[in-house]
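For reference, the structure is listed below as structure tokens.
The values are calculated or read from the model by the stated rules, or taken from the named source; none is laboratory data. Just so it is clear, the model here is predicted, and its values are computed rather than measured. Here Cβ is always computed from backbone atoms with ideal geometry, including for glycine, and neighbour counts include all displayed protein chains. For the accessible areas, the whole protein counts, side chains as well, though only heavy atoms, and no ligand, DNA or RNA atoms are used. Shrake-Rupley method; radii C 1.70, N 1.55, O 1.52, S 1.80 Å.
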Amino acid sequence: MNRILALLVATLILAGCMPNQPLYNVDNHPIPAAARDLPVDRIGALIIEAGQKRNWTFEQTGTGHLVATQADPKYTAVVDIYFDQQSYRIMKKSTTGFSDRNGWISRRYNNWVHYLEGDIEERLSTAAS
């Protein structure tokens with residue numbers, strides 16, 4: 001039993017150290033109750049506010065659709081953000097500089113998307129403020 005536990009712990013530690021991870025997309029994340037009654041364009045504005053906090057830039061490409069770009073000197077990530085009054089999705093559109101193969105991508109990319117998701121959730125949760 002101790003061997004199994006040690007093997008499991010070692011596997012988890014090694015997985016956390018791996019430079020590549022399965023690609024993370026946000027699929028149908030529910031819009032917080034505080035924002036559900038807002039017009040779709042206001043939800044989009046709040047998503048932009050949330051992303052700008054970490055230097056994402058945005059292009060509105062249609063109702064309920066933003067293209068967001070995050071870049072630093074070595075890496076660029078472009079994601080599609082689709083949203084309505086019920087949910088939102090963040091989907092990889094393109095990347096440069098990342099190791100990106102067969103559904104696996106750099107941990108840095110996944111971190112960027114996780115942070116963006118958290119910032120959007122936080123901003124939409126306080127939409128009435």
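Return yes when I120 is within 22 Å of Q60 (Cβ to Cβ) and either open to solvent by 50 Å² or more (accessible area, probe 1.4 Å) or at pLDDT 95 or above (or both) and no when it is not. Judged against the criteria, I120 is a match. Within segment 39-55, one or more residues are among the β-branched types (V, I, T), closer than 20 Å to D27 by Cβ, touching a residue at least 12 places away in the same chain (Cβ under 8 Å) and surrounded by fewer than 16 Cβ atoms within 10 Å (Cβ to Cβ). Within segment 61-109, being assigned to a loop (DSSP other than H, G, I, E, B) and either at negative phi or open to solvent by 60 Å² or more (accessible area, probe 1.4 Å) (or both) holds for T63, D72, P73, K74, Y75, D84, Q85, Q86, F98, S99, N102. Among residues of segment 112-123 that are over 15 Å from Q21 (Cβ atoms), those with a Cβ under 6 angstrom from a residue that is in a helix (DSSP H, G or I), sequence gap 6+ or separate chain, pair up as L116/G51; D119/A50; I120/I47; I120/A50; R123/L46; R123/E49; R123/A50.
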